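Colleague: Once you've had a glance at the structure underneath, I'll fire off some questions.
The values are calculated or read from the model by the stated rules, or taken from the named source; none is laboratory data. Note that this is a predicted model, so its numbers are computed, not measured. Cβ sites come from the backbone with ideal geometry, for glycine too, and all protein chains shown count toward neighbours.
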Amino acid sequence: MFVLIWATFLLCVCAETGTSQQCVGQYCITLSERLTAEAGLCVVIPCSFTTGFGFTPKHIVWYKCIYSRCDYDDEIIFHSKNNIHVQNGFEGRVSLLEPDIRQNNCSIIINDLKESDSGSYRIRVNGERNWRENGFASIQRTTVLVEGLSQKPRVKIPTLTEGQQATLTCVAPGLCSGSVPEITWTWRGAGGTESYITGNSTAFRTKNLTAFTQRHISTLTFNSSAEHHNTNVTCKIRFTGKKTTEGDSTLKVNYVKEVNVSGGTNVKEGETLTLTCSVESFPPSLIMWSKLGSDITLHNDTGSATLSIINATTGHSGQYICTAKHMNNTLQENINITVIYIRTPQIIGNTIIKEGDVLNLTCSVESFPPSLIMWSKLGSDITLHNDTGSATLSIINATTGHSGQYICTAKHMNNTLQENINITVMYIRTPQITGNTIIKEGDVLNLTCSVESFPPALIMWRDLSSKANNKHSGAYTNLHNDTGSATLVIQNVTAEDSGQYICTATHPDTTVTSSVSVIVSWFSKIQNGSGCVLQAEVLTCVCISEGFPLPTIKWPLLKNHKEYSIKTTVSNHTVNSTVSLNVKNYGNSTVECVSNNEKGEAKKNLMIQSVSNTVAHSPVLILGYLEIIIAFLIGVVLSAVVCCLIKKCSRKKTKNSGNLDETLEMVTSQDDPQF
């Protein structure tokens, strides 16, 4: 009991300044000298006494001193025998801590303190000695100072978890057994306005610790939520005498909201990718960034974590995972990141194609989002083809007009990229030969063969002329070659340079040819060896002439004769004309031979010689003479044949590719001396 009394004293009294013991003989009283208490609570004035032999204590009387003597009845605040006439305002507020006076305990408790209770207090112990009433009182007085209420209630808050029921406990200050205080709960939300927690329930109970000590407790039960986190709850205590005190506490609710990921899902290549993951929770969650397919933690932080990737590349595209660990819970939120990029357009296809083939060009651009690809040709505003991601330009039956620069334009968001390609259509045209094909002997033959083509063709001149055939037995002669254009030059041409010349153009996988016939013309000439023989009044003359075009031979002598015979033979560009006629008393010593072609005319007077003087000396005349004899012998037989040949045969054109050797014998007039 003594321990509880002192515990009560310690809980009720705010401060105590010393104790003193006063004795008169064997009678002693021990009191506290000075006590401080708070209004609305209670104060315990510790007191104990001892008595002399034969004294029996009966009653305890406490005074609140009004007068200096402090022993008048109107100063009594407590009387253990007769507690009716007590000082006004102390009724029912003062009690002995130990009702059994024999325990020598005179401590009292004053409940529901007021500031007016401040003052000096004195005790008197009444009893009997030797069956007579007697008593003794303390000389020392106890001073009690009642101050304003400063103690606050104790608010007990358990661990709060969102969604779970929680009970808050408010314990009123002091262990006084006086009036029961009024306890109320208020809640101050984010707006700062006091209100009551919705859906709450309160309970009040008084816990008796001892006969004179009580604990007043109030509970508040509600379902906690994140709304209550970091808000204040207040427990207000209202004691008798309108003395109030309150205690508040900040609520800490364990909760976690959804994971919130912010940041652009598309980022340009080379820029910085910034993703922020935040989770509203208490206590703060551990937030970690990772990428799908990788076990590496890219970044972690508490409450909020920002992932920054400088100079983002396409490899940073993908799904990023924000993981929030909160107590025993794990939450995740994903975000798909796309790095916007574009590469240089790539063009594939043959840059050189054959005329008539299909031109196929494909332009592809690696990018995200896919680029718009357009094909155009330099110098034209027309879009040839467009597509997304990849565009193929197809031109069927390509011509030379399709050669040129083609432009692939890739439009990607606000960027435009271009790539060019030069296309060449391979072609070859028929060789074109320029130059005079008919020239005079001794002049320069100039023939140019040009071929329009790409790439330039290799041009070669080949010769099929008689000169080439004589030298090479009909094989081609390589005269000149060049690229794109080749000029054949032959100085001081002769008749043997006449013939067919072939221009051959060699182009990849293709060879084309063109030919031209060249004719070398020269003035007719009467050759040495021409002459006449007179024998037995028969005049035989031979005139040999060479020229191109092939000359014709005329005999002016025949104008005066009606009967004669002419034999003409042709070999290459040489004409041999033999005339025979009967003459009597021919007085001239010469016979004129006239050779003519379109280039000019040649005349020569042939000397007449008798056969006796010339046979041994002129093998040509002997040959002519023999021919005349043979002609006369077979003349009659062949007359019919000759006539037929005259009708059916005409002069044959000498071909450049071979030798012409024809012999025709006829009887004709001067007007038609040859064919």
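Colleague: For residues that are β-branched (Val, Ile, Thr) and part of a loop (DSSP other than H, G, I, E, B), scanning just the range 34-67, find the one that is nearest to the chain's Cα centre (by Cα).
Modeller: Per the stated criteria, the residue is Ile66.
Colleague: Could I ask something else about it? Which of the residues belonging to the range 407-425 are of a type in the set (A, V, I, L, M), touching a Pro at 6+ places or on another chain (Cβ under 9 Å) and assigned to a strand (DSSP E or B)?
Modeller: Result: Ala410, Leu417.
Colleague: Go over the candidates Ser521, Ser517 one by one and state the one that is surrounded by fewer than 22 Cβ atoms within 10 Å (Cβ to Cβ), among the hydroxyl-bearing types (Ser, Thr, Tyr) and at pLDDT 85 or above.
Modeller: Criteria check complete, one pass: Ser517.
Colleague: Among the candidates Thr510, Thr487, Thr483, single out the residue that is among the polar types (S, T, N, Q), at pLDDT 90 or above and more than 30 Å from Thr568 (Cβ to Cβ).
Modeller: Just a single option satisfies the conditions, and that option is Thr487.
Colleague: For the range 98-107, which positions are of a type outside the set (D, E, K, R), out of contact with any strand residue (DSSP E or B) (no Cβ under 6 Å at 6 or more places or on another chain) and part of a loop (DSSP other than H, G, I, E, B)?
Modeller: Pro99 - this is the single residue of the range 98-107 that is of a type outside the set (D, E, K, R), out of contact with any strand residue (DSSP E or B) (no Cβ under 6 Å at 6 or more places or on another chain) and part of a loop (DSSP other than H, G, I, E, B).
Colleague: Hey, which of the strands (runs of 3 or more DSSP E) in the range 523-608, taking only ones fully inside, have at least 3 residues that are within 29 Å of Ser498 (Cβ to Cβ)?
Modeller: Hits in the range 523-608: 538-548, 552-554, 565-571, 574-582, 590-597.
Colleague: For the range 136-183, enumerate the residues that are among the charged types (D, E, K, R) and within 60 Å of the chain's Cα centre (by Cα).
Modeller: Scanning the range 136-183 gives a single hit, Glu162.
Condition check ((1) of a type in the set (Gly, Ala, Ser); (2) in contact (Cβ under 8 Å) with a residue 40 or more places away in the chain; (3) closer than 30 Å to Asn311 by Cα) across all residues:
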site	(1), (2), (3)
His216	no, yes, no
Phe222	no, yes, no
His228	no, yes, no
Ile237	no, yes, no
Gly247	yes, yes, no
Val253	no, yes, no
Val259	no, yes, yes
Thr274	no, no, yes
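Colleague: What about Gly174, is it assigned to a loop (DSSP other than H, G, I, E, B) and surrounded by 19 or more Cβ atoms within 10 Å (Cβ to Cβ)?
Modeller: Judged against the criteria, Gly174 is a match.
Conditions (1) of a type outside the set (A, V, I, L, M); (2) in contact (Cβ under 8 Å) with a residue 12 or more places away in the chain; (3) surrounded by 15 or more Cβ atoms within 10 Å (Cβ to Cβ), marked per residue:
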position: Gly270; (1), (2), (3): yes, yes, no
position: Glu280; (1), (2), (3): yes, yes, yes
position: Pro283; (1), (2), (3): yes, yes, no
position: Leu286; (1), (2), (3): no, yes, yes
position: Leu292; (1), (2), (3): no, yes, no
position: His299; (1), (2), (3): yes, no, yes
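Colleague: On to the next question. Give the number of residues within the range 304-318 that are outside any strand (DSSP E or B), surrounded by fewer than 16 Cβ atoms within 10 Å (Cβ to Cβ) and of a type in the set (Ser, Thr, Tyr).
Modeller: Total satisfying the criteria: 2.
Colleague: Search the range 232-242 for residues being modelled with pLDDT under 90 and out of contact with any Pro (no Cβ under 9 Å at 6 or more places or on another chain), and hand back the single one that is surrounded by the most Cβ atoms within 10 Å (Cβ to Cβ).
Modeller: For the range 232-242, the residue satisfying everything is Gly241.
Colleague: Let me ask something else. Please work out if Ile459 is crowded, with 20+ Cβ neighbours inside 10 Å and either part of a helix (DSSP H, G or I) or not polar (S, T, N, Q) (or both).
Modeller: The answer is yes for Ile459.
Colleague: Among the residues in the range 136-148, are any over 25 Å from Pro57 (Cβ atoms) and assigned to a loop (DSSP other than H, G, I, E, B)?
Modeller: yes
Colleague: Looking at the structure I just gave you, is Thr399 over 23 Å from the mean Cα position of the chain (by Cα) and either in the same structural domain as Ser453 (by TED's automatic domain parsing) or not small (Gly, Ala, Ser) (or both)?
Modeller: yes
Colleague: Being of a type in the set (Val, Ile, Thr), under 22 Å from Asp357 (Cβ atoms) and out of contact with any Asp or Glu (no Cβ under 7 Å at 6 or more places or on another chain) narrows it down to one residue among Thr392, Thr383; which is it?
Modeller: Thr392
Colleague: For Ser577, are the conditions met, namely being under 30 Å from Val451 (Cα atoms) and either polar (S, T, N, Q) or outside the structural domain of Ser450 (by TED's automatic domain parsing) (or both)?
Modeller: no
Colleague: Which of the residues spanning the range 254-265 are out of contact with any Phe, Trp or Tyr (no Cβ under 9 Å at 6 or more places or on another chain) and either outside any loop (DSSP other than H, G, I, E, B) or crowded, with 17+ Cβ neighbours inside 10 Å (or both)?
Modeller: Scanning the range 254-265 gives Lys257, Glu258, Val259, Asn260, Ser262.
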